[in-house]
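To start, the structure under review is shown below, and the notes come after it.
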2 protein chains.
Amino acid sequence: MYALSWSLHNLISQTSNDTIILIYAKPPRTVYTSPDGTGYLFSPDMLASIDKCRNDLASSIIEKAKKMCREQGDNEVKVEVIIETGDPRDVICQAADKIHADVLVMGSHGYGLIKRAFLGSVSNHCAQNVKCPVLIVKKPKSSSSATGTK
Amino acid sequence: MYALSWSLHNLISQTSNDTIILIYAKPPRTVYTSPDGTGYLFSPDMLASIDKCRNDLASSIIEKAKKMCREQGDNEVKVEVIIETGDPRDVICQAADKIHADVLVMGSHGYGLIKRAFLGSVSNHCAQNVKCPVLIVKKPKSSSSATGTK
């Protein structure tokens, strides 16, 4: 959300007809087998419920992002949405290449060394693998400069 | 140079008074000792000559970059220069933080996995350590889209 806000203030030109394409990666559904391995831990009903939860979460985040675009975009900025299921690293790289994005903007968690070693860095992976320029926006410690000039 | 060209076409707003600050990192002078370790391999004269060579190289690259700013900048874009000696990773991060850059633009060599493992990735290091947003611009395989729209 911070990266989106930063982009709306600093990257989207007032005079151009830029389109923002929001990419959301839903993590793939884990198959939960029961401890004895003979069946699944969750009934189909429960799995459907989990799926609904994840879809609701995606919708809620996308809606929040769209609202930010409407409120902070200088003019009527066009917004499109891509929702895919998979590892965020793959989803983002594939989507950015497929739509021939002019620039890929990403937030960064700013994990420390240890956490990054285990989790990998999505932004790092994308910066190395995606074809277009990649802009990595970190949330500053004091988050007061979102509206700073370019 | 590609990253600079891309920025001039896509990042620098025509209406703003943006300043481009070119950062050039001169690698630190290696101390060449003679094989038997009793003295230096190069005489002071030779070292002075090597230094002159490196300074000439820096000047030449900076001049080329300035020329590009003059020719491709939409309006009279202001250009400043920082030249420091040291590991480019440290020089770039320290300079960007010191001048409170609004965005750090970097090119990327696009090294493969092996070369990156040995050399490290300057852009990767900076993206993780610098405070401001980092834009990594890779030279595309077909370098015809430098003037692409944002």
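Quick note: the coordinates plus some simple rules give every number you see, no bench work behind them. Everything numeric here is computed off the predicted structure, so don't read it as measured data. Ideal geometry is used to build each Cβ from the backbone, glycine not excepted, and the neighbour counts take in all protein chains shown.
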Checklist outcome for this item: Output ordering of B:91-100, A:60-69 (per-residue mean of other Cβ within 10 Å, highest first) is B:91-100, A:60-69
Checklist entry - In sequence order, what are the phi-derived ³J(HN,Hα) couplings for segment A:88-96 according to the Karplus relation 6.51 cos²θ - 1.76 cosθ + 1.60 with θ = phi - 60°, rounded to whole Hz, with x for glycine and proline? => result x, 4, 6, 4, 5, 4, 5, 5, 4
Next on the checklist: If I model a spin label at B:Ala58 and A:Ile62 as a point 7 Å from the Cα along the Cα→Cβ vector, what separation in nanometres do I get?
Outcome noted: 5.2
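Given R₀ = 30 Å, FRET efficiency for B:Asp97-B:Leu47 by Cβ-Cβ distance, to 0.05?
Numbers: r = 32 Å, r/R0 = 1.05.
About 0.40, to the nearest 0.05.
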